[in-house]
Every structure is written in structure tokens, then in C-alpha cells.
Amino acid sequence: MKKFIPLIAIAMASLVFLVGCAPATPPGPAKYAIIFKNTGNPYGEKEMEGFKNAVTEFGGEAILKAPDAPTAEAQIAMIEELIAQKVAAICIVGNDKDALEPALKKAMAAGIKVLSADSGVNAASRQVHINQADPERIGRVEVQAAFDMIGGEGEIAVLSATSQATNQNAWIEWMKEELKDPKYAKVKLVKVAYGDDLRDKSVSEMEGLLKSFPNLKCVIAPTTVGIAAAGKVITDKNLKGKVHLTGLGLPSEMAEYIESGVCEWMYLWNPLDVGYLAGFTAQALVTGPFTGKVGDKVTAGKLGEKSVIADGDGTQIMLGDPFKFDATNIADWKAVY
Ligand code: RAM
């Protein structure tokens, strides 16, 4: 009997040790959350769907969230909820570059893996960013499109999302860089307007641009919500051919305007793939040894292997190149996303 006592003691001590060290994760499959900018955006729904597809594929539980309004405050409240829920990872599509930092740092301190996708947050607020395409290419290509549409001369305006949106702001900076080329001497950027990725506000901002700048020749809308709203306004006001339109659009929302010629061409990437890549990257962060440092690789299901590269002070994974949609291919894509 005597020799069993130490064994029991060891077993009990091990149990105490194991319980003490057990990660504070709830039972069941690990929870992977994505927070998009706001509700009511079909692009965002596709991005979240892609994220969910990845999480379902590797056997996790997906949590899809988006606030009603595209604000940092609303996203902070959601991050707090997810910390309390002890999720394994949070993927944030940021409404602000810096404002989410304390909340996201709190999540990381609680052992939650944090990444951003689509609209990034600053490098201190996340471990890696999933970038849809090179911001420089996106910005420059849209200005080049406007230039070609207006014959190299005239007033142009930008109809963006919110004034704080990291992704749109980065693209607009590159648009301004492109406009410094002497070839644009006769092109004037008259205004950057903000429709906040809300349909009605984007419509009224577009109407405001037309009113304030009667000689406006082209609107660049680097947001799927903005470009669809602008397409509607140009159509309703019978301005096709007088005011051109390009930017970043969702084929399913823009097909009618591309087919009618209101928007001759536009660009985008596959939002399903952005979310899907983010899902697999979140899993890699959770299971390790991937930490999101330069050179790390993630095997992202059907997308194959993707590598982490530098991104200023932080790191990123690049999905690919922006894709051009026009009358020749829009029919193939409008049912996909
Ligand atoms: C809107 C959102 C999103 C952006 C696209 C192009 O749907 O602002 O973040 O990537 O447009």
C-alpha cells in the first residue's frame, strides 16, 4: 500500500499542474472571428463568406461580425466581446489605422492571434496583414483608367469610403502620386468625397459632386459601395458618356452599368479569396510555428502556399494583382461575386 501513496501524490500533483496550465480556451472547436467594416456591403459579405469557408474546411468555428456603422468605436466594442468569448483569432478589417490599437493589443495580450485583412491596422496592432493587391498598382491603375476615359484632359473626382479607411486612403495617396506625372498636366483632381460605404450617403455625395463641379469628366470610386452608387446616379441623370466612371467594383453589382457603358471598365480582386486566405492565415497563427514574420509560409487550401513579405514596419501576405472587368468578361463574373 505504502508504495502507492507517492504514485497517487504524483498523479494528483500532475492534475493540479495540468489544470493550472490549461489554456483558458473554451471547449469545442477553436473560434475564429472576422470583423468587417460595416453591415449591408455585399463585398464584405463575400469576404466573410470566404473566411468562413476556410474555417469550416479546417474544422474551426467561424464567427462573422460587422457593426451597423463603419466606425472604430463599434469595432472596439466587438473586439472586447470576442476577448471575453476567448476566441482563438481575430481578423480585423479596420475602420481606422490607429484607433483599434489598444483593443487589439489587449486581445494579443490575452493570447488571441490577431491579423488584419483588406483594410489594415498599424503594424503594432496585428501580427500580419492580408493585402488584396499592391496599393501602388491599385492607385495608379485607376488614375490611368480615368485618363484614358477622358482623353487625357479634364476634371476628375474621387468618391471614397470613410475618411479613416486605411485601404482607400493608401490607394488615394498612390492616385495623387500618379497624378504628379507630367502626362496628367491637363487633369485636375477637384475633390475627394466620402460616402462612408453607405449606399444613401454615397448617392448624395455623388450628386453633390455633380452639382459642385458641372464640368466633371470622371469619378474614380475606389469602393464597391461608392462605384455602384455613382453608377446609379449617372444612369438616373442620363449622364452616360458625359461623366465617366471607374474604380473598384463588385461584378454582381456593377454588371448593369458595365453592360450599359456607364462604367467602361473597373478593377477588383476576388473578395472570397481575401477572406479565405485570411482564414487559413489565422489558423497558421493559432497552430504555429507560423508567427507572421517575413519568410513564413501558409498553406491556404485551394490557393496553395503563400509567403509573408515585408510591409513597412510590419508584414503582409499579398493575394495577387487587381483584375480588370469590362464588357468582354463581366458576364462570366457577375454570378461569382
Ligand atoms: C468596399 C470596402 C472594402 C474595399 C472595397 C474595394 O467594399 O471599402 O474595404 O476593399 O470596397
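Just so you know, all these numbers are worked out from the coordinates, no wet-lab data involved. Computed from a predicted structure; not experimentally measured. When we count neighbours, we look across all protein chains shown, and the Cβ atoms used for this are built from the backbone with ideal geometry, even at glycine.
Among the GluC sites (Glu not before Pro) in region 129-196, which ones are in a DSSP loop with at most 15 other Cβ atoms within 10 Å of the Cβ? Mind listing them? Show your work: numbers first, answer last.
Numbers: sites: E136, E142, E153, E155, E173, E177, E178; in loops: E153.
Loop-located and lightly packed - E153.
Run the numbers on region 135-268 and let me know its relative contact order in percent, using alpha-carbon pairs under 8 Å that are six or more apart.
Details: 257 pairs, mean separation 36.2, N = 134.
Here the relative contact order equals 27 percent.
How are the alpha carbon pair distances in region 238-337 distributed across 5 Å bins from zero to the largest one, expressed in percent?
So the P(r) values, bin by bin, are 2, 12, 19, 16, 13, 10, 11, 9, 5, 2, 1, 0.
If packing is taken as the average number of other Cβ atoms within 10 Å across a peptide's residues, how do 313-324, 28-39 rank, most packed first?
The peptides rank, most packed first, as 28-39, 313-324.
Taking amide H atoms as placed 1.01 Å from N in the peptide plane, list the residues 5 or more away in sequence, or in a different chain, whose amide H sits under 5 Å from that of L189.
I156
What pairs from K240/K324; K46/K217; K217/K237 go past 23 Å between their alpha carbons? All intermediate terms of the calculation are to be shown ahead of the outcome.
On the way: K240/K324 20 Å; K46/K217 32 Å; K217/K237 14 Å.
Correct reply: K46/K217.
Give me, ordered by chain and number, the residues 5 or more places off H244 or on other chains with an amide H under 5 Å from its own placed amide H.
Correct list: C218, V219.
Just need the relative contact order of the chain here, percent rounded to a whole number, with Cα pairs under 8 Å and 6+ apart.
The value is 18 percent.
By count of other Cβ within 10 Å, fewest leading, how are S212, S202 ordered?
By the 10 Å Cβ count, ascending: S212, S202.
Would you grab the residues whose amide H sits under 5 Å from the one on Q127? Only those 5+ places off in sequence or on another chain, please, with H modelled 1.01 Å from N.
Under 5 Å from the amide H of Q127 lie the amide H atoms of V114, L115, S116, each far enough along the sequence or on another chain.
For the Cα atoms of the chain, what angle does the longest principal axis make with the long axis of helix 42-57, in degrees from 0 to 90, nearest 10?
The helix 42-57 is inclined about 30 degrees to the chain.
Determine, from the Cβ-Cβ distance of E49 and K183 and an R0 of 56 Å, the FRET efficiency 1/(1 + (r/R0)^6), rounded to the nearest 0.05.
0.90
Rg and Dmax of region 87-138 over Cα atoms: what are they, in angstrom?
Spelled out, the Cα radius of gyration and Dmax of region 87-138 are 11.1, 37 Å.
With 10 angstrom as the radius, rank V187, V114 by how many other C-beta atoms surround their C-beta, starting from the fewest.
Lowest count first: V187, V114.
Largest first and in whole Å, what are the equivalent-ellipsoid semi-axes of the chain based on the Cα gyration tensor, each being the root of 5 times an eigenvalue? Spell out each step's value before the answer.
Details: eigenvalues 412, 63, 61 Å².
Over the Cα atoms of the chain, the semi-axes work out to 45, 18, 18 Å.
What is the helix-to-structure angle for 166-179, meaning the angle in degrees between its Cα long axis and the longest Cα principal axis of the chain, kept from 0 to 90 and rounded to the nearest 10?
40
Measure nothing but the geometry: give the 0 to 90° angle between the long axis through the Cα atoms of 199-212 and the longest principal axis through the Cα atoms of the chain, rounded to 10°.
30
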